[in-house]
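No value in this document is a laboratory result; all are computed from the given coordinates. Keep in mind that this is a model prediction, so the values were computed, not measured. A quick note on method: Cβ atoms are made from the backbone with ideal geometry, for glycine too, and the neighbour counts reach across all protein chains shown.
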C-alpha cells in the first residue's frame with residue numbers, strides 16, 4: 001500500500017526504513033529538501049538490522065518518493081505517519097494544510113510523545129481519522145507502538161490501526177485513556193527518578209546503577225513484564241502468592257522512594273558521576289545497542 005511519512009527527522013527516517021522493508025511504497029515529506037539524502041542514508045544504515053529481522057524489502061529505496069509538498073505527499077495514501085516536531089501550533093498548521101487532500105479513508109497516525117489526542121484533534125475539521133501511534137526509538141527496531149483513540153475516533157479504527165502495526169511485525173498496545181507521556185515513557189521516567197535518588201543518597205554511583213539495571217532486571221524485562229516475572233517467581237502461587245510473600249517489602253520500598261527534580265544539585269551530580277564508561281563514541285554505542293537488541297529480538301522470534 002501507499003504510506004506517507006510526514007516529517008523526516010530521526011523518527012521519520014526510521015519509519016521510512018521499516019515501511020519500505022515491509023514491502024510498502026513510501027512518500028516522505030519534509031520542508032527541508034536536504035532531508036532526502038538523510039533518509040536514504042538512514043535506510044542504508046538500517047538495512048543490516050532489518051535483514052537480520054527477516055524483512056524482505058530491507059534497504060529498498062526504489063519505492064521511496066520524497067517531496068517538500070505536504071498536500072502532494074498524502075494523496076493516495078491509506079496511512080499517514082506524522083512525525084512533526086512537538087509543537088502544537090506547527091502540527092495544527094500541518095493538519096490544516098493536508099486535510100482537504102486526504103483520501104476519504106485515510107488514517108492520520110501521530111508519533112507524538114508529549115501532546116494529548118484531544119489537543120491534536122483540535123487542529124482537524126474531521127478528528128475521527130486521527131489516532132496517536134507513539135513508537136519507541138528507533139521505530140524500525142523497537143517493536144512497541146502505543147495506540148490511543150477516544151470518543152471522537154471513528155468506530156473500529158483503533159483495532160484497524162493495531163492490525164496495521166502487527167502486520168509490520170510491531171507489538172502495539174491500546175491505551176484506554178490519555179495520560180501525559182503514555183505508558184512506557186512514564187515507567188522509565190519513574191525508574192530514572194529513583195536512579196537519581198539513589199545516587200544523590202550515596203547508595204551507588206550512576207554508572208553502577210546502570211550496570212545493576214542492564215545486568216539484572218533489564219535482562220528479564222526483555223522477555224516478560226514485571227507482572228509476569230513476579231508471577232513466575234512465586235511458582236504455582238502466582239502473582240497473588242508473590243504479593244502475600246513480598247508485598248510488605250514492596251510497600252516499604254515504595255514509601256521510601258525519592259522525589260527528585262533537576263535542580264542544581266542533581267545536575268551537578270550527573271556532571272560529576274556520569275561518564276562514558278565504555279570509552280566509545282555515540283555512534284558506535286548506538287550501533288552496539290541496535291546490534292544487541294536485534295539479536296535479542298531474533299532469539300525471541302525463534303522461540
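Considering only alpha-carbon pairs that sit under 8 angstrom and 6 or more positions apart, the relative contact order computed for the chain is 13 percent. Sorted fewest first by neighbouring Cβ atoms within 10 angstrom, 231, 111, 155 come out as 155, 231, 111. Counted residue by residue at 0.36 nm each, then reduced by the alpha carbon distance between them, the extension gain from residue 208 to residue 275 reaches 23.0 nm. The modelled label-to-label distance for the pair residue 197/residue 243, using points 7 Å beyond Cα in the direction of Cβ, is 2.1 nm.
Net length available on complete extension from residue 101 to residue 261 is 53.1 nm, with 0.36 nm assigned per residue and the Cα-Cα distance removed.
Specify the inter-centroid distance of the range 175-237 and the range 84-135, based on alpha-carbon positions, in whole Å. Here the two parts' Cα centres lie 32 Å apart. Give the angle, between 0 and 90 degrees and rounded to the nearest 10, that separates the Cα long axis of helix 238-255 from the longest principal axis of the Cα atoms of the chain. For helix 238-255, the angle is close to 80 degrees. In terms of the mean number of neighbouring beta-carbon atoms within 10 Å, the peptides 22-28, 100-106 order highest first as 22-28, 100-106. For percent of Cα pairs over 32 Å apart, the value calculated from this model appears in (i) 22; (ii) 37; (iii) 27 under label (ii).
Compared with the dominant principal axis of the Cα atoms in the chain, helix 264-273 is inclined by about 80°.
Going from the residue with the fewest nearby Cβ atoms within 10 Å to the one with the most, 224, 95 rank 224, 95.
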